[in-house]
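Everything on this sheet refers to the single structure shown next.
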Amino acid sequence: MSQSVAPASAPPPEPAPAPARDREVSGVAERNGPGAGERLARAVEAGWRPVALLAGCFAVWWIIAAAELVEPYLVPSPGATLDVLTGKADYLWQHTWVTTYETLLGFVIAVVVGVLAAVVMVYSSTVEKTLYPILLFAQVVPKIAIAPLFVVWLGFGITPKILIAVLIAFFPVVISMVTGLKAVDPEMLQLSATMGAKPWQTFAKIRFPASLPHLFSGLKVAVTLAVTGAVVGEFVGANEGLGYVILQANGNLDTPMLFAGLLVMSLIGVVLFVLVEIAEKLLLPWHASRRDTNVTTSY
Amino acid sequence: MTMARDTTLRKPAAKKGGAPTEGQKEGRAAAVGLEDVAVRFRTKKRDVTALHEVSLDVAMGEFVAIVGPSGCGKSTLLKLVAGLLKASSGAVRLQGERVEGPRHDIGYVFQRAALLEWRTARRNILLQAEMRRMPAEPARRRVDELIEMTGLGGFEDAYPHELSGGMQQRVALCRALLHEPPVLLMDEPFGALDALTREQMNMELNRIWRETGTTVLLVTHSISEAVYLADRVVVMSPRPGTITEIIDVGLEAERDYTETLGRPEFQQATGHIRGLLGAASAQD
């Protein structure tokens with residue numbers, strides 16, 4: 001019975017349609033990528049410039065401190081900063097954890113709420129018209145200015161910090177997700193209609209995956225902003241977190257601690273940014289590989 | 001039990017003679033019927049008539065090509081048949097039923113392959129099956145058949161950006177044929193391909209059409225492509241788009257490429273169509 005389905009065995013097409021690439025070589029095998037040695041060489045090639053620049057900055061810092069061009073209590077030496085980082089590691093670690101926790105929680109809430117808001121806005125123009133002005137208003141109000149209000153309302157706990165992180169990270173998530181959902185190929189949607197796809201099928205199989213590259217560029221902005229949001233919250237009123245550490249150090253004119261706090265804070269932002277990039281590469285290998293080939297064509 | 005349906009949809013290739021004559025057309029149910037169809041778009045400044053008094057019947061298993069200058073509403077016509085667009089007046093029928101809303105008993109191929117970047121060739125083809133919730137096993141077997149038929153073998157696991165334009169269009173064609181649609185709508189499917197690949201795809205499309213026996217409506221800019229592939233060629237004039245003439249090509253279904261291009265029927269038809277299009281628009 002099943003034979004009747006098979007088409008009458010096709011005569012081989014006159015011009016060989018498939019180039020003489022054997023199965024092993026086609027597509028998949030190429031994607032397995034280079035070996036470990038080559039990968040290391042590539043990482044060095046890509047990474048030495050920023051590392052050199054950073055080293056240069058440290059060198060300038062060190063020279064300024066060592067030659068005492070500036071009073072030591074204004075600019076501490078790298079050594080003094082390092083002493084604080086190692087000597088007071090426990091103290092710093094405790095506060096770093098608080099800030100990281102606030103940042104991550106704020107970021108995750110911003111992503112969930114932002115993505116949901118974007119989906120609703122794209123599917124309902126009424127909701128979009130209603131929400132958009134409010135969103136814009138929430139974005140243009142300086143978050144630092146609302147922070148004291150949140151502290152008055154919500155106290156000195158971590159809630160106002162998380163809320164500020166959410167508020168500041170939310171906007172790039174919504175904007176990128178709306179852009180992504182709207183950027184879908186209209187012909188793809190028409191095709192989906194001829195396939196008899198249910199709206200949720202079209203969303204799950206076409207629109208949502210197609211929007212992810214846009215979403216991820218928004219997430220990279222959002223995650224670094226979330227750190228700022230958490231620290232702003234801590235500045236306004238807190239008894240823990242890196243913002244609190246910096247304020248305390250500032251009050252005591254303890255610049256080595258101030259510098260150490262700043263370094264750790266930037267490190268949180270960098271690490272979170274890199275984590276989002278890694279997630280992007282893992283989740284969207286098709287997008288990353290495409291971008292890489294684009295880069296290599298420019299010379 | 002989809003098997004039984006499949007066999008009825010597939011017209012035996014052997015039975016396919018030359019171009020269907022008037023008698024044949026009356027004998028079979030019309031796959032596509034357009035009756036005095038008009039499409040008007042309303043823009044802020046003015047009303048645009050995209051199609052005007054278009055009537056056309058396409059028989060089951062027939063290959064009809066539509067040629068005409070840009071902006072004559074060729075693509076609009078396909079969208080009408082697919083139910084992606086509503087006619088302002090007149091009746092559109094697909095397999096005897098009036099078209100009201102998107103139809104699922106068609107396959108659609110666009111000029112751009114419109115593939116999902118994150119899916120391999122095979123999984124792009126399977127999208128059709130997933131959306132239709134076809135049983136997995138027969139769908140998989142059907143994909144294997146189509147990959148074989150279209151010469152995609154060895155590229156099943158490649159992603160769209162790893163494929164050439166011709167290969168991408170083959171994937172799109174497989175996707176459109178997966179559910180064995182009685183009617184295949186193709187909107188300049190080879191327009192973005194280089195000349196050589198295009199000729200190759202023309203030859204393959206002729207073979208695939210004979211093997212599957214589906215009705216094909218092909219919109220194209222290429223006169224020779226239209227005449228080489230079609231039983232009948234519909235020539236349209238621009239703004240408002242109307243049918244100028246329908247030409248019976250009068251060649252048998254199985255067509256060798258070089259041989260066909262040298263045939264007097266081919267020369268005569270292409271010459272005639274070129275004359276019509278030249279008269280319709282100064283230069284195209």
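Count of segment A:195-212 residues, restricted to those that are within 28 Å of A:Gly106 (Cα to Cα) and at the interface with another protein chain (Cβ under 9 Å from one of its Cβ atoms), is 3. Scoring B:Leu77 on the criteria (1) part of a helix (DSSP H, G or I); (2) within 11 Å of chain A (Cβ to nearest Cβ) leaves a single failure, condition (2).
Residues that are part of a loop (DSSP other than H, G, I, E, B), farther than 30 Å from A:Leu262 by Cβ and hydroxyl-bearing (Ser, Thr, Tyr) do occur in segment A:118-129.
Within the option set A:Val84, A:Val70, A:Val108, being surrounded by 13 or more Cβ atoms within 10 Å (Cβ to Cβ), at pLDDT below 90 and of a type outside the set (S, T, N, Q) holds for one residue only, A:Val84. Note on segment B:173-197: residues that are under 14 Å from B:Leu218 (Cα atoms) and of a type in the set (D, E, K, R) amount to 2.
Would segment A:260-269 turn up any residue that is out of contact with any Leu (no Cβ under 9 Å at 6 or more places or on another chain) and buried (at least 19 other Cβ atoms within 10 Å of the Cβ)? No, segment A:260-269 contains no residue that is out of contact with any Leu (no Cβ under 9 Å at 6 or more places or on another chain) and buried (at least 19 other Cβ atoms within 10 Å of the Cβ). Residues in segment B:151-165 that are more than 7 Å from chain A (Cβ to nearest Cβ) and in a helix (DSSP H, G or I): 2 in all. Residues in segment A:156-168: is at least one free of Cβ contacts under 8 Å to residues at least 40 places away in the same chain and more than 27 Å from B:Gln111 (Cα to Cα)? Yes: one or more hits. Residues in segment B:57-71: is at least one within 13 Å of chain A (Cβ to nearest Cβ) and either surrounded by fewer than 18 Cβ atoms within 10 Å (Cβ to Cβ) or not hydroxyl-bearing (Ser, Thr, Tyr) (or both)? The answer is no, given that none of the residues of segment B:57-71 is within 13 Å of chain A (Cβ to nearest Cβ) and either surrounded by fewer than 18 Cβ atoms within 10 Å (Cβ to Cβ) or not hydroxyl-bearing (Ser, Thr, Tyr) (or both). For segment A:240-284, taking the residues that are free of Cβ contacts under 8 Å to residues at least 60 places away in the same chain and within 14 Å of another protein chain (Cβ to nearest Cβ), the one that is farthest from the chain's Cα centre (by Cα) is identified as A:Leu282.
Among the residues of segment A:158-180, is there at least one that is closer than 27 Å to A:Val122 by Cβ and within 14 Å of another protein chain (Cβ to nearest Cβ)? Scanning segment A:158-180 turns up at least one residue that is closer than 27 Å to A:Val122 by Cβ and within 14 Å of another protein chain (Cβ to nearest Cβ). Scanning for something of a type in the set (Val, Ile, Thr) and more than 15 Å from A:Glu102 (Cα to Cα), does segment A:227-241 turn up at least one residue? No, because not a single residue in segment A:227-241 is of a type in the set (Val, Ile, Thr) and more than 15 Å from A:Glu102 (Cα to Cα).
The values are calculated or read from the model by the stated rules, or taken from the named source; none is laboratory data. As the structure is a computational prediction, the values presented were derived from the model and not from experiment. Cβ sites come from the backbone with ideal geometry, for glycine too, and all protein chains shown count toward neighbours.
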